[in-house]
Amino acid sequence: MACNGYTKVWDLASGELVELDGARGTTLRVTRGTLWITHERDIRDIMLSAGDVYTIERGGLTLVEALADATVCVMAHYVDAVRLGGRRPTFVERAREWLRSTGAAAAHRRWVPHG
């Protein structure tokens, strides 16, 4: 991994989310994996793969999500906040939780016969 000259290196797990606030001018270089990037009040989605370089061109909130395990070189002079979120639950995990919660709710319902 060649991140010479960059100020930070992120190793992100698949599904991990980074929130950048006020990151205009920050440069991201992907050395491994795939990233999805979206900006506040912007309908475009940006996809980056290993070897791609992208400079954030807007202020406001920028979300960066690793779609696969990723290593990202970051060149940032100033960023308001960087928060690494945990792994996002998979579809199967979300469905399992929904089924569990509806089953628990059904157990507490009172059934009234129709007459």
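In the stretch 45-58, of all residues being surrounded by fewer than 19 Cβ atoms within 10 Å (Cβ to Cβ) and touching a His at 6+ places or on another chain (Cβ under 9 Å), the one that is modelled with the highest pLDDT corresponds to I46.
Going through (1) at pLDDT below 85; (2) among the β-branched types (V, I, T); (3) over 14 Å from the mean Cα position of the chain (by Cα) one by one, V82 falls short only on (3). Screening the candidates G5, G33, G22 for the property of being more than 18 Å from A66 (Cα to Cα) and surrounded by 15 or more Cβ atoms within 10 Å (Cβ to Cβ) yields one hit, G22.
Sub-7 Å Cβ pairs linking a first residue in the stretch 59-78 that is under 13 Å from L17 (Cβ atoms) to a second residue that is polar (S, T, N, Q) and surrounded by 16 or more Cβ atoms within 10 Å (Cβ to Cβ), at least 6 apart or interchain, are L67/T34; A70/T34, ordered by first then second residue. When you look at L20, is it modelled with pLDDT of 90 or more and either assigned to a loop (DSSP other than H, G, I, E, B) or under 17 Å from the mean Cα position of the chain (by Cα) (or both), yes or no? No: the conditions fail for L20.
Taken as a whole, the structure leaves D42 outside the set of residues that are surrounded by fewer than 17 Cβ atoms within 10 Å (Cβ to Cβ), at pLDDT 90 or above and not polar (S, T, N, Q). Comparison of L67, L61, L28, L48 shows that the only residue that is over 18 Å from A13 (Cα atoms) and of a type outside the set (S, T, Y) is L61.
The values are calculated or read from the model by the stated rules, or taken from the named source; none is laboratory data. Everything numeric here is computed off the predicted structure, so don't read it as measured data. FYI the Cβ positions are ideal-geometry reconstructions off the backbone, even for glycines, and counts take in every protein chain you see.
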